[in-house]
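This report concerns only the one structure given below.
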Amino acid sequence: MTWGNMGSLKALDGKRDELVAILTRYKPELEACGCLVYEVGTNPSTPDRVYVLEVWDSAESHRASLGQGSVREALHEALPLLDGDMVSMKFDIAGSPLTS
């Protein structure tokens, strides 16, 4: 069963674009670990917030990805840019009307 995570991260004032650059940097290990979708977005109505949507082949694959080199490096780079206000909604994916 596939697994998903939707979340948002609040960047420190003026650090949103730097955070987006870190999160969107190419990380080939993600696909190799089982990441099916990893999208990063912003919304003009919440200028310091960054939104992330992830779909994985399993929750275990997601956990394993956190030990990969480029992922660890990105986490260490991103943490000082965050103000601590984070929201995460993890879920098992039941299905999609886009696939048979």
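Below is a table of values for the structure above.
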quantity	calculated
Scope region 46-79; condition part of a helix (DSSP H, G or I), touching a residue at least 24 places away in the same chain (Cβ under 8 Å) and closer than 15 Å to I22 by Cα; matching residues	G69, S70, V71, A74, E77, A78
All positions within region 81-97 that are loosely packed, with under 10 Cβ neighbours inside 10 Å and not hydrophobic (A, V, I, L, M, F, W, C)	G84, G95, S96, P97
Hey, L36 surrounded by 14 or more Cβ atoms within 10 Å (Cβ to Cβ) and under 17 Å from M86 (Cβ atoms) or not	no
Residue satisfying all of: in region 7-45; assigned to a strand (DSSP E or B) and without any contact (Cβ under 8 Å) to a residue 60 or more places away in the chain; nearest to R63 (Cα to Cα) among these	C35
Neighbours by Cβ (under 9 Å, 6+ apart or cross-chain): first from region 80-96, assigned to a helix (DSSP H, G or I); second not aliphatic (A, V, I, L, M)	P80/K15; L81/K15; L81/R16; L81/E18
Looking only at region 48-80, and only at residues there that are closer than 14 Å to R25 by Cβ and among the hydrophobic types (A, V, I, L, M, F, W, C), the one that is surrounded by the most Cβ atoms within 10 Å (Cβ to Cβ)	V50
Top-ranked residue in region 7-59 [being of a type in the set (D, E) and at pLDDT 95 or above; ranked as nearest to A94 (Cα to Cα)]	D57
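The values are calculated or read from the model by the stated rules, or taken from the named source; none is laboratory data. Keep in mind that what you see is a predicted model, and the values were worked out from it rather than measured. As a convention, Cβ positions derive from the backbone with ideal geometry for all residues, glycine included, and neighbour counts pool all protein chains shown.
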